[in-house]
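Here's the structure, in structure tokens; my notes come after.
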């Protein structure tokens with residue numbers, strides 16, 4: 001039995017301002033940093049063997065805050081593992097306690113948030129006034145309807161799920177305990193896969209910022225088998 005932890009980044013500056021963020025690289029708000037730190041406290045006794053995150057700052061900041069609180073992680077080493085990235089290694093240090101170990105963090109745009117196209121940067125209330133509540137709700141909550149020049153959740157899943165199957169699932173099968181720090185929609189795609197949810201079911205799933213979801217899974221099962229699931233608060 002191994003653990004897989006999913007965490008949506010803490011509140012970002014644009015979450016606070018009620019803007020569509022997508023691929024715009026904004027940082028965490030003060031509340032978001034507190035959420036990430038609290039998540040780290042909740043996960044401090046979890047011994048991770050590998051971490052994954054997106055290319056976006058808010059997901060990476062959340063992960064680093066979590067690891068800074070971790071009982072076992074002394075040094076984390078980041079590698080960008082997208083095909084076109086320069087595979088250069090970068091090192092960061094958390095609290096210097098002698099018995100902590102090095103943890104590899106793999107960074108990929110496959111785990112980025114859904115791309116919101118023309119909506120990025122717009123205030124959500126103002127967008128409703130411009131396009132109408134029904135249309136905006138359709139863009140936000142439909143599985144396969146994309147905003148103008150943006151991605152639908154279905155399109156997002158076409159990059160997120162193959163990445164999970166190729167890069168993350170084999171590591172779980174080896175018995176590695178993994179944390180993924182990412183975004184509402186990229187994580188929805190993964191949850192849809194591992195919980196075997198339908199398109200109608202996944203669009204109803206809400207992921208609060210900074211709240212870790214812990215799955216215990218049977219890594220020896222032929223297919224992905226969840227033994228337990230809990231949300232840490």
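Things worth noting here:
- Candidates 116, 131, 76: whichever shows maximal mean-square fluctuation once the chain is modelled as a Gaussian network with Cα springs under 10 Å: 131
- Within the set (i) 19.1; (ii) 18.1; (iii) 20.7, the number that Kirkwood radius over Cα pairs in Å takes when calculated for this structure is listed as (ii).
- The chain, helix-only ellipticity at 222 nm - DSSP H runs n ≥ 4, -39,500 (n - 2.57), divided by all residues, nearest 500: -9000 deg cm²/dmol
- Here the simple spin-label model places points 7 Å from the Cα toward Cβ, and for residue 142 and residue 17 these points are separated by 2.8 nm.
- On Cα atoms only, tilt of 57-68 relative to the major axis of the chain in degrees: 30
- Cα gyration tensor category, rounded, prolate or oblate, for the range 1-90 with a/c compared to 1.5: oblate
- When the chain is treated as a Gaussian network with alpha carbon springs shorter than 10 Å, the biggest mean-square fluctuation among 104, 137, 120 belongs to 137.
- Sequence ranges 188-201, 35-48, ranked by mean other-Cβ count within 10 angstrom, highest first: 35-48, 188-201
- The modelled label-to-label distance for the pair residue 223/residue 154, using points 7 Å beyond Cα in the direction of Cβ, is 2.2 nm.
- Relative to the longest principal axis of the Cα atoms of the chain, the long axis of helix 184-194 lies at roughly 70 degrees.
- Whole-angstrom gap from the range 140-179 to the range 28-85, using each part's C-alpha centre: 19
- Helix 153-163 axis versus longest C-alpha principal axis of the chain: approximately 20°, rounded to the nearest ten.
Bear in mind these aren't lab numbers, they're just calculated from the coordinates by the rules spelled out. Computed from a predicted structure; not experimentally measured. Positions of Cβ are generated from backbone atoms using ideal geometry, with glycine treated the same way; all protein chains shown enter the neighbour counts.
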